[in-house]
Structures are given as structure tokens and as C-alpha cells.
Amino acid sequence: MILQAPQNFSYDIYIIGANGPQGTTPPPAQQGGWGSQGRNASCNWASQCTTSCTGGGSGGVGNQGGNGTPQASDPPINGNDVNPATITIGQLTGADLWVFSSGGTGGTAGNGAAGGTGGTGGTGGSGDSCPSGTNHCSGCGGGNGGTGGNGGNGGVSGNGGNGATVNLTYSSSTYNVYTTTPPASGGKQPTAGAGGGGGVGGYPGGNSGPGGTGGSSGTAGNQGIPSTINVTKK
């Protein structure tokens, strides 16, 4: 519980809970590896193709994007509850008294990270011209680009802290006590990580890879229960 009368604020007394901590967004996932280089064809002195070409290898799949934290299985990042309080003011003088009470705001969880881009397909093996000029060893096509990695899921934001019962007693023939007790806000909804783009096809003629699938959006926190301030004027 924080009980104070700070200067330069609208209220004279704050009875509040601390805000929840913020979650973490992981960095974007890494790109998939490059496809292997195809083997080149070769022709011997007799104009015979002694080695045939091979196509370029497919690009690697992009890495999965990380999930924002916390997830449902992790400790929550809720705002703190208000502790009950009893305040007694013998004689209120000089001005009206303004009292504010609310639980802490729930922390916002991290966003899902983007999936990694698919790797580039390998270059196909090249052909070879034979010495006689009447024959040619054909080349091979490039490998296909890799599939993009899937995006990560957003995390689970914290709930707003709950209020408490505050009993305030004062005496005054001139001034009054005014109270404000809004519910504490829950953390905002985290965003999903985008799927990684498909990898570029290798030369010549390799196809581009498909993109990855985006993750799921996270969960917003719920509002807390408002405080109740019971004011008694003697």
C-alpha cells in the first residue's frame, strides 16, 4: 500500500497498489540456411558427358518466432492489490480533501516475434560444353526457397489489482472529503508475430518458398475490483 499526499497532483491522498511488471518480446527469429550448391556437369576430351549435373538444394525453413512472455503457464504480471486502510483526521482544515484509491495496472505481456525468412535455394549445377562443339552437357535447375518460419504467439497480460475497503473518519464544520475509486486497468492485448517470408528460389528457375503462418494474439488482462472508501464525518 502507498499512502501519501504528493505535491503537484490532483489528489491529496493516494491509496494504491503497485503496477505489474511488463512482459518481454523476443527478437525476430533467424533465417533458414541456404540450399546446397548443385554439382556441375563435365565433358571429357572425347566429348562425352562423364558427370551429370545436380539441382540446387532447397533452402532451409525459417526458425519459429518466439512467444511473448509471460505465457499462461508462467507467473502472472498482475497489478498489486490495495491493502485495507483506516484513516482518522482529527480536524480537517484549510481545504477539502481528495482521496484516490485503485489497484495497480496489470502489466502488458510481450508480443510474439516474427518467424524467420525461409532460406534461399541453392544454385543449380551448370552445364559444360564439349571440346568438339557438337555436344553439350546440360545444366540443372536451382533449388526451391525454404518455407518461412511461423510467428510466435503474444503473451498473457496481467489483471488489474483489486481495491480494498478504506475507512476514513474526519471532523470539520467547513470542509468535505471527496473520493475517486476507478477499477484498475488490465494489461493491453499483445500482438501476434507475423509469419516469415518464403525464401527466394535458387538460379536458374527455383521456386520461391511459401510464407510462414502468423502466430496468435495474446490475452488482455481484466479490470480489477474497485476500492470502497467509507467516509464518516463526525
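The values are calculated or read from the model by the stated rules, or taken from the named source; none is laboratory data. Quick caveat: nothing in here was measured; it's all calculated off a predicted structure. Heads up, the Cβs are rebuilt from the backbone with ideal geometry, glycines too, and the neighbour counts pull from every protein chain shown. What goes into the accessible areas is simple: the full protein's heavy atoms, side chains included, and nothing from ligands, DNA or RNA. Shrake-Rupley method; radii C 1.70, N 1.55, O 1.52, S 1.80 Å.
Summary of computed values
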read-out	value
All positions within region 30-78 that are in contact with a strand residue (DSSP E or B) (Cβ under 8 Å, 6 or more places away or on another chain), closer than 19 Å to SER157 by Cα and of a type in the set (A, V, I, L, M)	ALA72
Test result for THR228, open to solvent by 50 Å² or more (accessible area, probe 1.4 Å), in contact (Cβ under 8 Å) with a residue 40 or more places away in the chain and β-branched (Val, Ile, Thr)	yes
Qualifying residue in region 167-189 (condition: modelled with pLDDT of 95 or more and under 25 Å from ASN144 (Cα atoms))	no
Qualifying positions in region 199-224 - on the phi < 0 side of the Ramachandran plot, open to solvent by 30 Å² or more (accessible area, probe 1.4 Å) and more than 13 Å from the chain's Cα centre (by Cα)	VAL200, TYR203, PRO204, ASN207, SER208, PRO210, GLY211, THR213, ASN222, GLN223
